[in-house]
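Just so it is clear, none of the values below were taken in a lab; they were calculated from the coordinates. Remember, predicted model here, so these are calculated numbers, not experimental data. Don't worry about glycine lacking a Cβ; one is built from the backbone with ideal geometry, like all the others, and counts go over all protein chains shown.
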Amino acid sequence: MNKKARWYTPLIHKVLLAAAVTAVLGGCGKKIDAEQGTQASEPSSISIELETEKNPEPVKILTIGEAPIPDLPDLPVLDENPVPEYLRNGVEHPIVASLQQRLMDLGFMDNDEPTQYFGTMTESAVKTFQRQNQLAQDGIVGPETLNAIMTPSAKYYAVSKDVDGDDIKRIQNRLYELGYLATGDLVTGHFGDDTEAAVIKLQEVNGLNVDGKVGRQTINLLYSDEIRPNFLSYGEKSDVVLASQTRLKELGYLTTTPDGSYGDDTAAAVKQFQARNDLVVDGYLGPSTRVALNSAEAQANGLMLGEQGETVTRIQQLLNKYGYLSSANVTGYYGEVTEKAVKSFQSNNGLTADGSVGRQTMNKLTGSSVKKAGAGGSSGGSSGSKGGTVKGGSGVSGLLSIARSKLGCPYVYGAKGPNAFDCSGFVYYCLNQAGVRQSYLTSAGWRSVGKYTKITNFNSLQAGDIIVVSGHVGIVAGGGKVVDASSSNGRVVERALSSWWRNNFICGWRIFG
């Protein structure tokens, strides 16, 4: 890279040599004198002697008329955009895209469409790579760092004991959420004994090679749906589970009587609570979920039109039990017929008939003094089609307007708005602001959300669809564009749905219509 960037003395000599040959040979041979109409004689041979660093002996150049020109050293192709000797924050050049792609392949950057701009996220990834490879952590890509990144033998992201960094804090947060780190004060950004012990425990529980290091397998498992936690989960029975169930019941999430046993109803209630309270939806009563559950700011449940899931199924079963909904409409999807049944139930039981299942409606529905439906109770029809269709047809334009209003906001790992986002946090924020009740999902979670119409053909994507690619997610803007929170750009951008998106395409989800 750097040889292209420098004007070495040998190259200057080559350029001067070429210029001399052109100037001399341009007047060689015969030419017509325009004014006199006669042929003017020119010298039949000209000698030029020029030394170069590669050729210390003088080179003799002959005219075409006497002998062929000898082979010259390769002449340089003048690059209008030479590669900078050092790549750093603020630099824009095509080579930055190759650098970003390599950092993504090695696990140092979130997967995204590479760009030509070297921003804050690229700088952070370079620093992490430098730290792992015992290089000066300045975030600048000079010859040594570039060679280390681009070599085929470069190592995938891995961290172990005695390492410090923001990436360590993210890993610790996840270990804490999953119950492998005991307390929140251990989330320090320093990989010490407690973190190593937590990683070892996670590897043991999940059947990984036990080495106490966070490498490719461990980091991928941390954010997958297959992760097994080290704390309250399905099948456990304890007073802690009972206390959590009681609180879930108070907030309108649990549809059964608390018994201290972590079963299907508890798992569904926990997921619903996590979805309403900006937590990772994994169904586990980890430390972060329990802290949020017991806080004064915990958001109560509120099911409404367009919802789908196990909790909706349970509500429909109860409505059916009391005569408000037919068994054919127990589908797990909260459509217009379910909404009508809820309103009827609310009217009969002295509640505000708004059609949504909040805390009061849930408590009444799961209580012991329920008034059953009369002859006029809703019991037929269809519970509606899937999707989050917004009345009036303004859903797509509203979603895109919200998305575009955030253009330029910074990319921050794990951020869900309102003024900073990562890719999944951006989609989560925009959908909810547009009136679509969607829980927070990582890009991996968006692969199988199942709530909307699935798009499997890239060419079938339309404006307002959610596009899911390997490790990334965005909102299709129409006209061949997408709006997304881009780690490679370091901000929310609107850009072309290029071949990168096509090549990494997994699926799309049609939210409206």
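Close Cβ contacts (under 6 Å, 6 or more residues apart or on different chains) running from residues in the stretch 453-481 that are within 9 Å of W509 (Cα to Cα) to residues that are in a strand (DSSP E or B) and among the aromatic types (F, W, Y) comprise I466/W509. Scanning the stretch 338-369 for residues that are assigned to a loop (DSSP other than H, G, I, E, B) and more than 38 Å from the chain's Cα centre (by Cα) turns up N349, G350, L351, T352, A353, T366, G367, S368, S369. Take the conditions within 16 Å of G358 (Cβ to Cβ) and either in contact with a helix residue (DSSP H, G or I) (Cβ under 9 Å, 6 or more places away or on another chain) or surrounded by 22 or more Cβ atoms within 10 Å (Cβ to Cβ) (or both) and apply them to N301. Does it pass? Yes. D282 meets each of the listed conditions (1) outside any loop (DSSP other than H, G, I, E, B); (2) buried (at least 18 other Cβ atoms within 10 Å of the Cβ) apart from (1). Residues in the stretch 203-227 that are touching a helix residue (DSSP H, G or I) at 6+ places or on another chain (Cβ under 7 Å) and among the aliphatic types (A, V, I, L, M) were compared, and the one that is nearest to S448 (Cα to Cα) is I227.
When we screen V270, V240, V199, V210 for residues that are among the aliphatic types (A, V, I, L, M), part of a helix (DSSP H, G or I), surrounded by fewer than 16 Cβ atoms within 10 Å (Cβ to Cβ) and on the phi < 0 side of the Ramachandran plot, the only hit is V240. Tell me, please, whether a residue that is out of contact with any helix residue (DSSP H, G or I) (no Cβ under 6 Å at 6 or more places or on another chain), of a type in the set (A, V, I, L, M, F, W, C) and without any contact (Cβ under 8 Å) to a residue 24 or more places away in the chain can be found in the stretch 307-326. For the stretch 307-326, residues out of contact with any helix residue (DSSP H, G or I) (no Cβ under 6 Å at 6 or more places or on another chain), of a type in the set (A, V, I, L, M, F, W, C) and without any contact (Cβ under 8 Å) to a residue 24 or more places away in the chain: absent. Residues that are at positive phi, of a type outside the set (D, E), surrounded by fewer than 19 Cβ atoms within 10 Å (Cβ to Cβ) and more than 18 Å from the chain's Cα centre (by Cα) do occur in the stretch 86-105.
One residue stands out in the stretch 290-312 among those that are in contact with a strand residue (DSSP E or B) (Cβ under 9 Å, 6 or more places away or on another chain) and assigned to a helix (DSSP H, G or I): the one that is nearest to L175 (Cα to Cα), namely R290.
Inside the stretch 427-513, counting only strands (runs of 3 or more DSSP E) that do not spill past its ends, which hold 3 or more residues that are of a type outside the set (S, T, N, Q) and under 28 Å from A97 (Cβ atoms)?
Numbers: elements: 453-455, 466-469, 472-478, 481-486, 491-496, 505-510.
The strands (runs of 3 or more DSSP E) meeting that bar are 466-469, 472-478, 481-486, 491-496, 505-510.
Taken over the stretch 329-345, the residue count meeting the criterion of being out of contact with any Ser or Thr (no Cβ under 6 Å at 6 or more places or on another chain) and free of Cβ contacts under 8 Å to residues at least 40 places away in the same chain is 5.
The set of residues in the stretch 177-196 being in a loop (DSSP other than H, G, I, E, B), surrounded by 14 or more Cβ atoms within 10 Å (Cβ to Cβ) and over 26 Å from the mean Cα position of the chain (by Cα) consists of A182, G192.
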